[in-house]
Amino acid sequence: LILNTKNLLHIEDGAFRNLPRLKYLSICNTGIREFPDLTQIFSLEAHFILELCDNLRMTTIPRNAFQGMSNESLTLKLYKNGFEDIHSHAFNGTKLNQLILKDNKNLRRIHNDALRGATGPDVLDISSTALESLPSYGLEAIQVLNATSSYSLKRLPPLDKFSNLLEAVLTYPSHCCAFRNIRTEKPNSLLSIFDNFSKECESTMRKSTNEIFYRDDSYNTSLWSLEKDTASFAADEEASPYSYSALFDEDEMAALGFEYDFCQPKILTCTPEPDAFNPCEDILGYSFLRILIWFINLLAIAGNFTVLLVLLTSHYKLTVPRFLMCNLSFADFCMGLYLLLIAAVDAQTSGQYYNHAIEWQTGSGCGTAGFFTVFASELSVFTLTVITVERWYTITYAMRLDRKLRLRHAVPVMLGGWLFSIAIAAMPLLGVSSYMKVSICLPMDIETALSQAYILTILVLNVVAFVVICACYIKIYIAVQNPELVAANKDTKIAKRMAILIFTDFTCMAPISFFAISAAFKVPLITVTNSKILLVLFYPVNSCANPFLYAIFTKAFRRDFFLLLSRLGCCKSRAELYRMNYFSAYTSHCKNGPSKAPRALLLLSALEK
C-alpha cells in the first residue's frame, strides 16, 4: 500500500519488478504526475487487484499501461484521479474482470481502441465522469454497465456492441428505451447471448442425461422414453429454447448434475426506467400526427406569411386594425415555426429518439422551440383580445369621432403585450419551470411551488382572455339586434361570423386549458402521449384559422392582395376593379359624412376589418 504521500511525485521504472506473489497493489492520494510503470510486476496470482485513487495530478493512462499483467482475472479500480483521457491500447494484454473508472471528474475521452488487445471487462463503471462517448471497440464482453451521474454521456454506441449486457445502470431514462425494445428491434445481435445460453443449456442437458442414464442400467428402460420426449421438444419450432425445464422439476434437474437457473433466460435490466413525462416513443408518438403536423405547420406558416407580406407592402395607410393584424400574424407565424421545428426533429430522430432525447431536450433547440411556442401563444391570445376589444369599442362609439382609437393608442398597448409575452416565455429559461421536461418542449415542470404558480398564472390569464373575447362579441351581437340598424340577412351574417370566431377560440383554448389546469394541480387526466394529440390538433387551431378569419376572407385584404399582384404584373384587371370600388366608396363617404352613414354599415365595416 502506498497511501497519503502527497510529496511522492514519481515512481521509477522497474520499481514493481518480479513480484510473483503480489495480489493487491494500492497507490492512493499521492502527488504522482506520470502513470507509474506497472508492466514488470509479473504476478502469478490468478486474481489481481490494482487500485489507483485520489492521484489528482495523474492526467492520462498511456498505451500498454498494464501489459505485464497477464493474470487470469484482473480488477482495475482507477477512481477519483485526475485522468482526462485514456490512450489507444491502454489495456492491451489484460484479462479484465472489472474496470472501475468512476469519479474521474475530468475524464472526457476514452480512445476507441483503448480496450483493443484486452479480454473483457465484464463490469465497466464510468459513473460520475465527463465522458461524452464510449469506445466503439471492446464493449462486447460487458455484462454490467454503471454510468450513473454521467451527464455528458448523451448518446450510446450501436446496440449490437452490447452483445452480452445483462444489467445497465444509466443516467438518463431515455437510454433504457433502447434496451426495452431490443427484443423486437435487434433480435439477432444483442439477444444472441440468450441463444448461446439455450444451446449451452441443451448441450449440458443431453450430456448430463446420457451420463446418468447410461451409467446405471436401472435407468435403461426409461432412456428411450426420455430421449423421445427430448427429441420431440427439440423438433418443435414453437417450443421455447428453454423447454427442457418442462421435462423435469427443479429437484430432478439438480439430480441430473446442473443448476436450474442456468437454463432460465437472462433478462436485461436497465435503470432508471422511463417516466410518465418521457415514455419510450418518438417525439410525436403517433404516426398519423407525424403526417398531420406537416400539413398544419405549413398552413400556419404560409397563411400568416402571406398576410404579413400583403399588409406590410400595402400602399394604404396603416390603420389600427391593420397594425393589430400584423402583430397577430407574426405571433401565429412563430407558432408555425415551432411546429415546423418539432416536425423536423421528429423526422430526423424517428425510431432512434432514445439516442437523441437528452441532446435535444437539454440543448438550445428545445429551449428555442419552447420559447417560440409560449411567446407565440401568449402574444396571439393578447392580440386577439385587443382586436376584439377594439372592434367592440369601434362599434360602441361609432358616431364619436373624438373617441376614435388611433395608432398612438394601439402601439403602447401592443408594446406591453410584447414585453409580457417575452417575459413569460423567458421564465423557463431562467429556472421557473422548464422546457426540458418533455420532448415537445412545453413548460410542464411543476415540481416547485413557483413553477406551479407560473403555469397556473398563464392558464388563468388565457381563460380570462377567452371570457373577455366572448363578452365583447356578445355585446356586439346585442348591438346589431336593433331592426332599425341592420336587415335580417345582415344580422344572420354577423352572427355567423361571430360564432365562428368564438368557436375557433374555444376549440383552441378549452381542451388545452382544461387538461393543463388539472395537470398543474398534479391530477393529470391524460398522458403525455395523448397530450401530443392536443398539441397537433387543437393547440395550433387559432394559428391556422386566424389569417383566414381576420384577413384573407375580408374584402380589404383581397383588395390589397390583388393590388400587390398587379404590381408584379398579374391580375391587373381584377386589381383595377377593386381600386374603382374603393374610390367609389371613399367618395360616397366623403359626400355624406360619417354622421349620415348608416350605423349598420359602420358595424359591418368594423367586423370586416
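The values are calculated or read from the model by the stated rules, or taken from the named source; none is laboratory data. Model, not experiment: these values are computed from the prediction. Counting neighbours? That spans all protein chains shown, and the Cβs are built from the backbone with ideal geometry, glycine included. Each accessible area value is taken on the protein alone, full model and side chains, heavy atoms only, with ligands, DNA and RNA left out. Shrake-Rupley method; radii C 1.70, N 1.55, O 1.52, S 1.80 Å.
Here are a few things to note about the model shown:
- Rounded FRET efficiency, nearest 0.05, which uses the C-beta distance separating Ser133 from Leu568 and R0 of 60 Å: 0.70
- Using a simple spin-label model with pseudo-atoms 7 Å out from Cα toward Cβ, Arg33 and Arg21 lie 3.7 nm apart.
- Per-atom-type breakdown for segment 287-580 gives carbon and sulfur 72% of the accessible area (1.4 Å probe, protein chains only).
- Packing, as the average of other Cβ atoms within 10 Å across residues, places the peptides 58-64, 269-275 in the order 58-64, 269-275, highest first.
- Computed over the alpha-carbon atoms, segment 519-558 gives an Rg to Rh ratio of 1.29, Rh here being the Kirkwood radius from the mean inverse distance.
- Förster-model FRET efficiency, 35 Å R0, Ile552 and Gln452, C-beta, rounded to 0.05: 0.30
- Net length gained if the chain between Lys404 and Leu166 were fully extended (0.36 nm per residue, minus Cα distance): 78.2 nm
- When you restrict to C-alpha pairs under 8 Å that are six or more residues apart and normalise by the size of segment 47-137, the relative contact order lands at 27 percent.
- On full extension, the segment bounded by Val523 and Thr362 gains 55.4 nm, given 0.36 nm per residue less the C-alpha separation.
- Residue-wise HN-Hα couplings along segment 326-337, as the Karplus relation 6.51 cos²θ - 1.76 cosθ + 1.60 with θ = phi - 60° gives them from phi, are 4, 5, 5, 5, 5, 4, 5, 5, 5, 5, x, 5 Hz; Gly and Pro carry x.
- Enclosed volume per residue, in Å³, of the convex hull spanned by Cα atoms of segment 1-151: 87 Å³
- For the peptides 276-287, 415-426, 364-375, the ranking by packing is 364-375, 276-287, 415-426, with the highest mean count of neighbouring Cβ atoms within 10 Å listed first.
- All-pairs alpha carbon distance profile, segment 287-580, 5 Å steps from 0, percent: 1, 5, 10, 14, 17, 16, 13, 10, 7, 4, 2, 1, 0, 0
- Between segment 154-178 and segment 93-124, the Cα center-to-center distance that results, in Å: 16 Å
- Whole-angstrom Cα spans of segment 357-469 along principal axes, big to small: 60, 24, 19
- Length available on full extension from Asn106 to Ser513: 0.36 nm per residue minus the Cα-Cα distance, which gives 141.9 nm.
- Here the calculated FRET efficiency for Tyr286 and His315, from their Cβ-Cβ distance with R0 = 41 Å, stands at 0.30, rounded to the nearest 0.05.
- Label-point separation in nm, Asp275 to Tyr393, each point 7 Å along Cα→Cβ: 4.5 nm
- Its alpha carbons considered, segment 289-362 gives a radius of gyration followed by a Dmax of 16.6, 53 Å.
- Expressed as a whole percent, the accessible area of segment 1-151 that falls on carbon and sulfur atoms is 46 (1.4 Å probe).
- Phe295 versus Ile422: modelled label distance in nm, points set 7 Å from Cα along the beta carbon direction: 3.7 nm
- A dipole drawn for segment 1-151 from +1 and -1 charges on Cβ atoms has a positive end, and of Ile41, Ser133, Leu1 the residue lying farthest that way is Leu1.
- When the listed pairs Lys102/Lys437; Lys23/Lys77; Lys154/Lys522; Lys317/Lys404 are checked against a 24 Å cut-off, the alpha-carbon distance exceeds it for Lys102/Lys437; Lys154/Lys522.
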